[in-house]
Amino acid sequence: AVAVMVGVMITGAFHEDGLADTADAMGGRTPERRREILKDSRHGSYGVAALAGSILVRVLCVASLGPAVAFGGLVAAHTLGRGAAVAVMGLARPVPTVGLGADYTRSLSPRRVALGVAAALAFGTLATGWWVLPLSLAAGVGAFVIALIAHRAFGGVSGDILGAVEQVAECLVLVAVSGLVLRHSLWWAR
């Protein structure tokens with residue numbers, strides 16, 4: 001719990017806020033209404049539930065791991081989650097409104113996207129070795145699903161949705177690490 005909360009404090013709960021806002025906005029009936037809800041700084045029931053679920057999943061996954069596995073898993077989860085958000089920024093269409101995430105996505109060059117994703121993969125590899133492959137797959141699946149939902153529900157990707165991408169990818173990476181450790185001896189845990 002402490003390790004997860006330190007991660008939340010270091011980032012200022014920036015990505016958690018995006019997840020909560022995105023979950024709340026899914027209650028809107030039209031893309032316009034959903035985008036309006038995204039701008040509301042208050043969190044509703046869906047947002048609080050998503051936020052609590054994200055923290056719960058991360059705490060349970062980390063608690064199921066030994067210290068050495070947890071450290072490598074957390075490093076991979078943080079970096080691959082952020083790399084997934086950068087990949088979505090480079091591949092997905094931004095929402096048709098203004099906002100920090102949408103504006104930054106519009107101005108992001110393919111070169112910077114590639115560098116961001118490569119850096120995430122490099123740090124993930126340093127932390128977990130070749131296990132970065134299944135962990136990257138988990139992050140990529142989560143990012144793809146959230147980007148697809150965002151395209152259909154909002155007409156594109158905004159900063160809050162990128163926060164949701166990061167959170168879902170981070171959770172899925174930790175779930176994958178927890179699953180792998182049940183069946184395999186992870187090299188970085190020796």
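The values are calculated or read from the model by the stated rules, or taken from the named source; none is laboratory data. These numbers come from a predicted model, not from an experiment. Don't worry about glycine lacking a Cβ; one is built from the backbone with ideal geometry, like all the others, and counts go over all protein chains shown. Accessible surface areas use protein heavy atoms only, side chains included; no ligands, DNA or RNA. Shrake-Rupley method; radii C 1.70, N 1.55, O 1.52, S 1.80 Å.
Which of the trypsin sites (Lys or Arg not before Pro) found in the stretch 20-99 are loop residues per DSSP with 15 or fewer other Cβ atoms within 10 Å of their Cβ? Each step should come with its number before you reach the end.
Values: sites: Arg29, Arg33, Arg34, Arg35, Lys39, Arg42, Arg58, Arg82; in loops: Arg29, Arg42.
Hits after loop and neighbour filter: Arg29, Arg42.
Just need the relative contact order of the chain here, percent rounded to a whole number, with Cα pairs under 8 Å and 6+ apart. Please list the in-between numbers first.
Values: 284 pairs, mean separation 62.0, N = 190.
Dividing the mean separation by the residue count of the chain yields 33 percent.
Quick check: Cα centre of the stretch 13-27 to Cα centre of the stretch 103-181, how many Å?
Each part reduced to its Cα centre gives a spacing of 16 Å.
Give me the orientation-averaged projected area of the Cα convex hull of the chain, in nm², one decimal.
Reported value for the Cα convex hull: 10.0 nm².
Using a probe radius of 1.4 Å on heavy atoms only, what accessible surface per residue do you get for the stretch 70-190? Whole Å² is fine.
On the way: 5740 Å² over 121 residues.
For the stretch 70-190, the per-residue accessible area is 47 Å².
Could you work out how far helix 2-11 tilts from the main Cα principal axis of the chain, as a 0 to 90 degree angle to the nearest 10?
Long axis of 2-11 versus the principal axis of the chain: about 40 degrees.
Take every Cα-Cα pair in the stretch 1-78 and report what % of them are more than 21 Å apart.
The proportion of pairs with Cα distances above 21 Å equals 37 percent.
Plugging the Kirkwood radius over Cα pairs into Stokes-Einstein for the stretch 71-134, at a temperature of 25 °C and a viscosity of 0.890 mPa s, what D comes out in µm²/s?
Working: Rh = 12.4 Å.
Answer from the Stokes-Einstein relation: 198 µm²/s.
With the radius of gyration and the Kirkwood radius both derived from the Cα set of the stretch 99-190, what is their ratio Rg to Rh? It would help to have the intermediate numbers written out before the result.
Working: Rg = 15.1 Å, Rh = 14.5 Å.
So for the stretch 99-190, dividing Rg by the Kirkwood Rh gives 1.04.
When the accessible area of the chain is computed with all protein chains present and a 1.4 Å probe, what percentage of it is carbon and sulfur?
Numbers: 6830 of 9700 Å².
In the chain, the share of accessible area belonging to carbon and sulfur is 70 percent.
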